[in-house]
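In what follows, a single structure is set out as structure tokens and then discussed.
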Ligand code: C5P
């Protein structure tokens with residue numbers, strides 16, 4: 001398969017910045033699958049669907065039209081033609097996304113879209129199940145981790161505009177989300193067979209990007 005780089009890992013591991021950086025360095029496309037689960041969750045909340053009710057979520061999983069742009073310099077995400085790149089980052093969506101993404105009908109729908117976008121390859125894809133379920137045949141698979149402290153601090157920085165987002169609150173919410181994402185039945189977060197684990201705790205962003213670029217070049 002032409003180059004597909006699967007970048008999986010828990011929240012705050014630095015996947016997004018690293019994935020975009022790798023895509024820009026290598027001239028590849030970029031897909032943020034987390035944004036697609038967030039877009040689905042945003043739509044459910046907007047439409048009053050009770051997100052903890054798996055059957056109710058499954059019944060509406062086909063309804064929103066979700067489109068992802070793949071330019072790493074300017075990733076876009078729309079739902080029914082509306083740009084939702086801001087609203088999908090709110091705490092309301094962040095705290096509801098694990099419930100929605102655990103519903104098999106949601107995963108089936110979004111994995112199909114993701115495979116269409118991956119198409120013939122030439123792309124960096126970030127998520128939780130890229131190496132295990134979406135593109136298990138990807139030639140380069142990375143499992144990116146970082147200590148809980150570093151991950152919570154990074155997330156809190158992302159949410160700096162939100163007054164409720166202290167490091168303590170963020171860390172508790174993040175631990176809950178990681179627990180739900182790792183223990184769900186449908187495609188839980190897990191290191192894929194053949195994935196290279198990179199611990200970004202003591203690394204700069206450039207060092208993480210370099211490490212992944214090196215793996216990609218080894219594959220050539
Ligand atoms: O990466 P991000 O934190 O934006 O992902 C948001 C949520 O989407 C995750 O917590 C997880 O519940 C879900 N997700 C998933 N599978 C993926 C990507 C994200 O279940 N491939």
| field | Those residues of segment 107-124 which are out of contact with any helix residue (DSSP H, G or I) (no Cβ under 6 Å at 6 or more places or on another chain) and either buried (at least 20 other Cβ atoms within 10 Å of the Cβ) or not in a loop (DSSP other than H, G, I, E, B) (or both), in sequence order | value | 107, 108, 109, 112, 113, 115, 116, 117, 118, 123
| request: Kindly check whether there is at least one residue in segment 45-52 that is modelled with pLDDT of 95 or more, in a helix (DSSP H, G or I) and more than 12 Å from the ligand (Cβ to nearest atom). | output: yes
| message | Tally up the residues in segment 176-192 that are more than 11 Å from the ligand (Cβ to nearest atom), assigned to a loop (DSSP other than H, G, I, E, B) and more than 12 Å from residue 8 (Cβ to Cβ), please. | response | 1
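Could you grab me the full set of residues in segment 144-175 that are at pLDDT below 85 and part of a helix (DSSP H, G or I)?
So the first thing to find is which residues in segment 144-175 are at pLDDT below 85, and the list is 152-171.
If the condition is that a residue be at pLDDT below 85 and part of a helix (DSSP H, G or I), then 152, 153, 154, 155, 156, 157, 158, 167, 168, 169, 170, 171 are the ones that fit.
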| message | Under 8 Å between Cβ atoms, which residue pairs at least 6 apart in sequence (or on different chains) link something in segment 107-133 that is closer than 15 Å to residue 30 by Cα and without any contact (Cβ under 8 Å) to a residue 24 or more places away in the chain with a partner that is more than 8 Å from the ligand (Cβ to nearest atom) and not in a helix (DSSP H, G or I)? | response | 115/135
| Given (1) surrounded by fewer than 16 Cβ atoms within 10 Å (Cβ to Cβ); (2) under 18 Å from residue 38 (Cβ atoms), number of the condition residue 173 does not satisfy | (1)
| query | Does residue 56 qualify as being within 14 Å of the ligand (Cβ to nearest atom) and more than 21 Å from residue 131 (Cα to Cα)? | reply | no
| task | For segment 53-69, indicate whether the set of residues that are assigned to a helix (DSSP H, G or I) and within 15 Å of the chain's Cα centre (by Cα) is non-empty. | result | no
| task | Quickly run through segment 80-102 and pick out the residues that are away from the ligand (no atom under 15 Å from the Cβ) and either over 24 Å from residue 123 (Cα atoms) or outside any loop (DSSP other than H, G, I, E, B) (or both). | result | 80, 82, 83
| Lone unmet requirement of (1) under 25 Å from residue 99 (Cα atoms); (2) more than 9 Å from the ligand (Cβ to nearest atom); (3) modelled with pLDDT of 95 or more for residue 14 | (3)
| Can you name the number of the only condition in (1) away from the ligand (no atom under 12 Å from the Cβ); (2) touching a strand residue (DSSP E or B) at 6+ places or on another chain (Cβ under 8 Å); (3) over 15 Å from residue 127 (Cα atoms); (4) not in a strand (DSSP E or B) that residue 25 fails? | (2)
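The values are calculated or read from the model by the stated rules, or taken from the named source; none is laboratory data. Small disclaimer: the values here were computed from a predicted structure and weren't measured. Glycine also receives a Cβ, built like all others from the backbone with ideal geometry; neighbour counts cover every protein chain displayed.
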